[in-house]
Amino acid sequence: MKRRAALLAIAALLLVIPAAPARAQDTRPNVVVIMTDDQTLESMRAMDGTRRVLGRQGTTFERAFVSNALCCPSRATFFTGQYSHSHGVIGNRLPQGGYGALDTREWLPVWLQRAGYRTIHIGKFLNGYGTDRPPTEVPPGWTEWSTSVDPSTYNYFGYTLNENGILAQYGLDGNPLYYSSDFYTQRAVDAIERMSRGREPFFLSLAYLAPHSGGPRDPDDPAALPTPSPAPRHMNRFAGERPPADPSFNELDVSDKPAFIQARPPINAVRAEAIEENYEQRLESLLAVDEGVVRVVGALREAGELSRTLIMFTSDNGFFHGEHRLPNGKVLGYEPSIRVPLLMRGPGVPRGARRRQLVTNADLAPTILEATGASAAGRVPDGRSLFPLLSDPGLEWGRDLLVEGTPGLNQPAFDALRTYRYIYLEYDSGDVELYDLERDPYQLESLHADPRHARLRGELAARLALLAVCRGRSCRTRPQAQISFRGCSPRVRGRRLESVRVRARAGSAVRARVRTRDGRVVTLDRPLPPGC
Ligand SMILES: [Ca+2]
Ligand SMILES: [Ca+2]
Ligand SMILES: [Ca+2]
Ligand SMILES: [Ca+2]
């Protein structure tokens, strides 16, 4: 009854102000982005609900990477579509990083607001938010703001939120209602209900702390490693669960690795046990997020917004569980650290589909811009919209992906280039690594010193030097290859081609799928000559 009265009231308003566009006429989608913190691709196995409501109803990107496997630079990339060297946030702390290092005058929420979107952020934000500048500050571009203030961000109970400029503390007494993941979910559900009553489409950014480590201490916490705190109802759900067997766990021979890895001691029994408990608690902490994703999708359905909402689920970076002697953490360029889950659902996103192309978190903002029709004023995104890959599963761009590494206590900064087949890393210390991921998916034997790979190494080094300073288009350079016709037969020419497969396409065109010797894949499309 109440609802009908509200609808009538809105109808009356529309009659009075005919110039304002009705929501029903605004066909632009809402956008909901759900981001976890330090979640590995492998841990998606704990998220049945998410795989059901987003995976089965949408598209799963199986080769999604982050361009910098650290919270703040990665999130700055999400909000700008730019690599670290373009947005300038290299680390989590000032002066080379942190919230205070990002120019927020032109970034995703501002672009969306300018295009008429209402914008909401809930949960974790850029590191240093609340400490780099006064905690009451709200950055430009946000219609509604419920954001955790550092350092309280890392408390699953007893965190402080900046609510549209006013600080409020939650869960100091450990009341399960205020467990951060559940509370952020409730905030998101409330926001969806509220926003669905308005006319303009909305952008909701929902960022959970889980499965990142954080307080309070749990009775079964190991002494040797920081862990997250799972929701009380999910404690020990994964007790006894071991990380999947991985040959790189406690890597025996590290003579192929950089000096800072060689300096690491082997993982002893106490550490190994701590890694297991951490692994279990991290999966357990994801269960509340998984329930949250299902509730958010349910709230969109309830509000009648689901079919016109683009939903993305991803993480800001991966995590180590003992691979290459790394008991925890991320930042480094090894696969468990740089690969993340990426699931999408909504208008223009095929259902129950998978995509194998290499994609990066710099692609997310351009994807949102294409979906919403907003434009990136003042910045040139380095990534590109994923919609062409969604509509065309065979399409290959042939670009290299860049991974940038922040200097840390125990490791030097690095730049890395990832193709389908190879990853090539150069550290500030002069160390180099090169892996053939087809033959060595666990990165056990770096080939950088192998003379048989000297030519490849030289080529990758030359491309990495350009990619490490790329801007926009130059971040998307393709292999040199062209398709031409002799009569009606297509010919492909190019540098260092390994294989070419040509297929007829609909509409009298052909597509050549070209693989280069350095493991890049690109498709070339060409219409057939007249009469063929
Ligand atoms: Ca993170
Ligand atoms: Ca814990
Ligand atoms: Ca436990
Ligand atoms: Ca090795």
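The values are calculated or read from the model by the stated rules, or taken from the named source; none is laboratory data. Since we're looking at a predicted model, the values are computed, not measured. Note that we place each Cβ from the backbone using ideal geometry, even for glycine, and neighbour counts take in every protein chain shown.
Observations on the model:
- Subset of the range 294-317 (residues that are surrounded by fewer than 24 Cβ atoms within 10 Å (Cβ to Cβ) and either under 26 Å from Glu241 (Cα atoms) or not assigned by TED's automatic domain parsing to the domain that holds Pro29 (or both)): Val294, Thr314
- Scanning the range 115-138 for residues that are of a type outside the set (A, V, I, L, M), in contact with a helix residue (DSSP H, G or I) (Cβ under 8 Å, 6 or more places away or on another chain), over 17 Å from Asn92 (Cα atoms) and in a loop (DSSP other than H, G, I, E, B) returns a single hit, Tyr117.
- Summed over the range 63-97, the residues that are crowded, with 24+ Cβ neighbours inside 10 Å, without any contact (Cβ under 8 Å) to a residue 60 or more places away in the chain and not in a helix (DSSP H, G or I) give a count of 1.
- Selection within the range 236-246 - surrounded by fewer than 18 Cβ atoms within 10 Å (Cβ to Cβ), modelled with pLDDT of 95 or more and on the phi < 0 side of the Ramachandran plot: Arg237, Ala239
- Lone unmet requirement of (1) farther than 15 Å from Val110 by Cβ; (2) outside any helix (DSSP H, G or I) for Ala362: (2)
- The range 30-50 residues that are on the phi > 0 side of the Ramachandran plot, paired with ones that are not hydroxyl-bearing (Ser, Thr, Tyr) (beta carbon under 7 Å, 6 or more apart): Asp38/Pro211; Asp38/His212; Asp38/Asn317; Asp38/Phe319; Asp38/Lys330
- Subset of the range 335-356 [β-branched (Val, Ile, Thr) and either under 14 Å from the mean Cα position of the chain (by Cα) or not assigned by TED's automatic domain parsing to the domain that holds Pro247 (or both)]: Ile338, Val340
- Of the residues making up the range 399-430, just one is over 28 Å from Ala245 (Cα atoms) and either within 16 Å of ligand 4 (Cβ to nearest atom) or β-branched (Val, Ile, Thr) (or both), namely Thr406.
- Residue, farthest from ligand 2 (Cβ to nearest atom), within the range 182-235, restricted to residues that are without any contact (Cβ under 8 Å) to a residue 24 or more places away in the chain and more than 17 Å from Pro29 (Cα to Cα): Asp190
- Residues in the range 265-288 include at least one that is within 13 Å of ligand 2 (Cβ to nearest atom), of a type in the set (Gly, Ala, Ser), in a helix (DSSP H, G or I) and assigned by TED's automatic domain parsing to the domain that holds Tyr184.
- Asp246 being in contact with a strand residue (DSSP E or B) (Cβ under 7 Å, 6 or more places away or on another chain), assigned to a loop (DSSP other than H, G, I, E, B), farther than 30 Å from Glu144 by Cβ and more than 14 Å from ligand 3 (Cβ to nearest atom): yes
- Of Arg233, Arg217, all but one fail to be within 16 Å of ligand 3 (Cβ to nearest atom), over 23 Å from Val32 (Cβ atoms), of a type outside the set (A, V, I, L, M) and touching a helix residue (DSSP H, G or I) at 6+ places or on another chain (Cβ under 8 Å); the exception is Arg233.
- So Glu498, is it closer than 30 Å to Cys532 by Cβ and among the acidic types (Asp, Glu): yes
- Matching entry among Ser205, Ser181 (being in a strand (DSSP E or B) and either buried (at least 17 other Cβ atoms within 10 Å of the Cβ) or within 16 Å of ligand 4 (Cβ to nearest atom) (or both)): Ser205
- Screening Ala299, Ala263 for residues that are at pLDDT 95 or above, small (Gly, Ala, Ser) and closer than 30 Å to Glu370 by Cα leaves exactly one candidate, Ala299.
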